[in-house]
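Structure, as structure tokens:
The values are calculated or read from the model by the stated rules, or taken from the named source; none is laboratory data. None of the values given here were measured: they were computed from a predicted structure. Every residue, glycine as well, gets a Cβ built from its backbone with ideal geometry; the counts of neighbours run over all protein chains shown.
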Amino acid sequence: MCLKVRGNIDFSTNEDERNSGMTQETLISVEHLSRHYGPLMAVKSISFELHRGEVLGFLGPNGAGKSTTMQVITGNLAPSAGRVRICDLDLLDKPRAAKAHIGYLPEQPPLYPDFTVNEYLRFCARLNQIPREGVARAVDNAKQRCGLEQVGKRLISNLSKGFQQRVGIAQAIIHTPSVVVLDEPTVGLDPNQIREIRSLIRELGNDHGVILSTHILPEVQMTCDRVQIINQGELVFADSIENLNQRTSTTSLILGLHQPPADTELTAIPGVGEVEHIDAEYRRIHYTGDTNPAETLAEHAVNKHWGLFELKPEFNSLEQIFVDITAAEQDNTGEAA
Amino acid sequence: MIWLLARRELRSLFLSPLAWAVLAVIQLIIAWLFLFFLQQYIDAQPQLNMMPDPPGVTETVISGIFQSTAFILLLVIPLITMRVVSEERRNKTLALLFSAPVSMTEIVLGKFFGLMGFLVIMVFMLTLMPLSILIGGNLDFGHLAAILLGLLLLLSAFAAAGLFMSTLTNQPIIAAISTFGLLLLLWLIDVAGSNVSTDKASELLSYLSLLRHSEAFNKGVFSSTDLIYYLLFITVFLVLSIRRLESDRLQR
């Protein structure tokens, strides 16, 4: 266990080296953060940084410590050990100044159901130290960004879950904080809203820093610049999406043929490695290295009348990595116990 | 910032029907008592006229109704204070305040002053009744001011205790019942003291009693000892509330 922790620290220092070349402003730096609930260690010595213009995705199974980490960063929980600095302000020494830089959407949006959307957002704006004359503009801006123009005068308790979630996000960005922390922001939204919120998150990521936790893996691939996977309170994976995409780059093709030939005929094509039967018409073609046999496959299929109707690269999904890592972790701890 | 939080608290109170119901019911009951006391005073006129220095209407009627008011409000204040923190904790809206740039002290004071706002409105509504005597008579305004100050201090003490009880739980009803229990205990604590008045311990008990300290104000005496007692009482419970909320962050 001790070894693993050290491994994580090494990992984060690698991160620092990589990022130092980019000369970015560090918005959040978390050092060896731990938090227990009684005897239960929810978060074990996590270290990471967030830079301006970056969207950081937190992934992990339920109870992994994602929400706890976010609560500590936003000052809702005190850390048991470790340090959190926000825009170079220590969260424990200067909580007020540090918190002014943060917008937080908890798992359950903190809404006052008896208020109308306008009243609620006005209150949040004032709460976050927006001067009186700037409140109306901040509220309009937040409403417009979250698509709430139509519901300003409605009671929050009468809104649907999706709209309530949007009000929660509006609340988190109303004072245009440097850091926006969103705990599962797309839960309960319909697909269109999810797309809107994702593009909103991307937009926020341009000039703020965003931390986002989610269970939905494609969401991370679509919106984040960096991914961190937390499992059982430990950082088990941290890398940029680009590196991740390289790791997840295609090594297999899905081929759909109406009249599939024998496997030997397929393996005879240069570049094709193994052939796997998915069902009567679908084959999974594994290949190695950079030689993508898609083109030659298509040529053969047309010439030999195999009835080609589908040919697509298969991505080794983030899901796969996630499952691999977290499952491996569980095995390790199982052995340890 | 405290002002903003207080205003939100007050607004929340008036957005729920509870505050309106409480105001209406209290107004009705006190009006009934007021008429009763007034009738008694009018009926007693012949005897009062024979006394060399008869007590005025302020002393008899007004201090009478406000004494009953204090006791009735002891039953009602827990209903107003119960939701202040416990409901926010239950709805998970405390996170909004915790992650905003406000201190715990500001949060607690904001909530307390919000409650105070409600109490001031209530006391004002009740004061309108005695003021109606002005149509046909005179009032001792100094005495009335002392009574009102005493009542407000007493109610603020109730509110501070209720606020603290509300921080202890996330069930409003439990907060209400324990506030009620605490207040009633502090109200009746001098029952033990009044029997054997020479005993040092019972002297202490009667000193702790909330009721005892409201007596001087009701007689029209501005008593600084009692004022300090109430201020201390309020401060203690507010500090305890702040500590309790702080510990929310430390462990759950």
Legend entry - Set B:Ile42, B:Ile77, B:Ile65, B:Ile29: member being within 25 Å of B:Gly162 (Cα to Cα), at pLDDT below 90 and of a type in the set (A, V, I, L, M, F, W, C): B:Ile65
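Take A:Val167 and decide whether it is closer than 15 Å to A:Gly103 by Cβ, at pLDDT 90 or above and in a strand (DSSP E or B).
The answer is no for A:Val167.
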Legend entry - For B:Ile121: the one exception among (1) within 14 Å of chain A (Cβ to nearest Cβ); (2) touching a residue at least 60 places away in the same chain (Cβ under 8 Å): (1)
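Mind listing whichever residues of segment A:76-95 are among the hydrophobic types (A, V, I, L, M, F, W, C), more than 10 Å from every other protein chain (Cβ to nearest Cβ), over 22 Å from the mean Cα position of the chain (by Cα) and in a loop (DSSP other than H, G, I, E, B)?
To start, the set of residues in segment A:76-95 that are among the hydrophobic types (A, V, I, L, M, F, W, C) comprises A:77-78, A:81, A:84, A:86-87, A:89, A:91-92.
Going one step further and asking which of them are more than 10 Å from every other protein chain (Cβ to nearest Cβ), we end up with A:81, A:84, A:86-87, A:89, A:91-92.
Remaining after also requiring over 22 Å from the mean Cα position of the chain (by Cα): A:81, A:89, A:91-92.
Correct list: A:Leu91, A:Leu92.
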Inset, instruction - Would you mind telling me which numbered condition in (1) away from chain A (no Cβ under 14 Å); (2) among the aliphatic types (A, V, I, L, M); (3) not in a helix (DSSP H, G or I) B:Val76 fails? - result: (3)
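Against the definition (within 11 Å of chain B (Cβ to nearest Cβ), without any contact (Cβ under 8 Å) to a residue 24 or more places away in the chain, in contact with a Gly (Cβ under 8 Å, 6 or more places away or on another chain) and surrounded by 17 or more Cβ atoms within 10 Å (Cβ to Cβ)), how does A:Ala98 come out, yes or no?
yes
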Inset, instruction - Give the number of residues within segment A:141-170 that are without any contact (Cβ under 8 Å) to a residue 12 or more places away in the chain and within 14 Å of another protein chain (Cβ to nearest Cβ). - result: 1
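Every residue, every condition in (1) in a helix (DSSP H, G or I); (2) farther than 19 Å from A:Gly53 by Cβ, yes or no:
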site: A:Asn118; (1), (2): yes, yes
site: A:Glu133; (1), (2): yes, yes
site: A:Lys143; (1), (2): yes, yes
site: A:Leu189; (1), (2): no, yes
site: A:Asn192; (1), (2): yes, yes
site: A:Glu196; (1), (2): yes, yes
site: A:Gly205; (1), (2): yes, no
site: A:Pro218; (1), (2): yes, yes
Inset, instruction - Take A:Pro110 and decide whether it is within 23 Å of the chain's Cα centre (by Cα), at pLDDT 90 or above and closer than 23 Å to A:His215 by Cα. - result: yes
Legend entry - Yes/no for A:Glu196 being more than 14 Å from every other protein chain (Cβ to nearest Cβ) and either over 24 Å from B:Leu13 (Cα atoms) or crowded, with 17+ Cβ neighbours inside 10 Å (or both): yes
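So which residues in segment B:95-107 are surrounded by 19 or more Cβ atoms within 10 Å (Cβ to Cβ) and either assigned to a helix (DSSP H, G or I) or free of Cβ contacts under 8 Å to residues at least 40 places away in the same chain (or both)? Step through it out loud before you land on a result.
Within segment B:95-107, the subset surrounded by 19 or more Cβ atoms within 10 Å (Cβ to Cβ) is B:95-102, B:106-107.
Within segment B:95-107, B:Ala95, B:Leu96, B:Leu97, B:Phe98, B:Ser99, B:Ala100, B:Pro101, B:Glu106, B:Ile107 qualify.
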Legend entry - Members of segment A:126-140 that are touching a residue at least 24 places away in the same chain (Cβ under 8 Å) and farther than 25 Å from A:Val72 by Cβ: A:Ile130, A:Ala138, A:Val139
Inset, instruction - Take B:Ala44 and decide whether it is among the hydrophobic types (A, V, I, L, M, F, W, C) and under 22 Å from the mean Cα position of the chain (by Cα). - result: no
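Could we say that A:Leu111 is assigned to a loop (DSSP other than H, G, I, E, B), within 14 Å of another protein chain (Cβ to nearest Cβ), out of contact with any Pro (no Cβ under 6 Å at 6 or more places or on another chain) and farther than 23 Å from B:Ser12 by Cβ here? Reasoning before the result, please.
Working: assigned to a loop (DSSP other than H, G, I, E, B): yes; within 14 Å of another protein chain (Cβ to nearest Cβ): yes; out of contact with any Pro (no Cβ under 6 Å at 6 or more places or on another chain): yes; farther than 23 Å from B:Ser12 by Cβ: no.
Judged against the criteria, A:Leu111 is not a match.
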